[in-house]
Amino acid sequence: MTRRTTCELKRMAREFLTGNYAVSMAAMLTAALLPAAVLGPFTVGITMEFNFTMATYLAAAFIVEVLGQLLVAGVIRIHILLAKKQQLSYKDLLWPFFNHPDRFLLAALLLFGILILPAVPAGICMFYLAENTTSGSIFVAAVFIAVVIAELYIILTFDLIYPLYIDRPDISVIYGFRMSYNLMLLNKKIMLRLH
């Protein structure tokens with residue numbers, strides 16, 4: 001495996017973006033701003049106490065976040081088309097909405113479920129065991145750091161799910177998770193051998 005220098009990678013990126021910069025930037029901005037704009041009206045009247053308004057906001061935030069993953073997959077499709085030097089347009093952002101959206105939505109739900117796993121016990125621990133003492137604060141900080149590390153590992157392990165679904169429309173959701181795990185594990189072994 002040949003390693004490219006930073007200069008080579010920058011040059012390649014400029015080549016890929018030549019003539020496509022506006023489309024890729026517009027797609028990324030849409031994927032970032034549209035969910036926030038849709039969620040905006042639900043933030044009116046939010047307080048820190050749990051009530052009907054807070055429950056409505058949380059439900060809307062969950063739905064918007066899951067549907068927003070289709071836009072994220074659309075941005076990834078645009079990046080894949082750029083890397084393959086194929087023709088692309090802004091409409092490619094919506095490609096996941098019309099090509100097996102159920103797989104992308106199911107993958108997003110499954111990934112959110114996996115990400116919640118380390119957070120739930122940590123939240124319970126922090127709620128019941130944390131005190132307003134120095135040792136309690138250190139414990140909360142340690143638990144928070146452990147959860148962040150666990151979630152980063154999960155995100156990096158399954159980072160290839162959407163590109164796999166875009167490139168291989170025939171694979172199932174579970175098989176996509178397994179392939180992502182195996183590819184990332186293989187990549188980690190290759191990187192360790194290079195260093």
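The values are calculated or read from the model by the stated rules, or taken from the named source; none is laboratory data. The shown structure was predicted, so the numbers you read here are calculated from the model rather than taken from an experiment. Every residue, glycine as well, gets a Cβ built from its backbone with ideal geometry; the counts of neighbours run over all protein chains shown. Note: accessible area is taken over every heavy atom of the protein model, side chains too, but ligands, DNA and RNA are not part of it. Shrake-Rupley method; radii C 1.70, N 1.55, O 1.52, S 1.80 Å.
Quick notes on this one:
- Nonpolar atom fraction for the chain, defined as the carbon and sulfur part of the 1.4 Å probe accessible area, stands at 70 percent.
- For the chain, the square roots a ≥ b ≥ c of the C-alpha gyration tensor eigenvalues yield an a/c of 1.5 or more together with a/b not exceeding b/c, which makes the shape oblate.
- Kyte-Doolittle mean at least -1.0, axial Cα span of 27 Å or more - DSSP H helices of the chain: 21-39, 52-83, 101-129, 134-157, 173-194
- The stretch 80-127 - Debye-derived log10 I(q)/I(0), Cα point model, q = 0.17, 0.23 Å⁻¹: -0.68, -0.86
- In the context of the full set of protein chains, residues of the chain present 66 Å² of accessible surface per residue (probe radius 1.4 Å, heavy atoms only).
- Sequence-separation-based contact order of the chain, relative, with Cα cut under 8 Å and 6+ spacing, percent: 17
- Placing +1 on the Cβ of every Lys and Arg and -1 on the Cβ of every Asp and Glu, with no other charges, gives the stretch 47-180 a dipole of roughly 560 debye about its Cα centre.
- For the stretch 18-128, a Kirkwood hydrodynamic radius built from all Cα pairs, placed in the Stokes-Einstein relation at 25 °C and 0.890 mPa s, yields a translational diffusion coefficient of 152 µm²/s.
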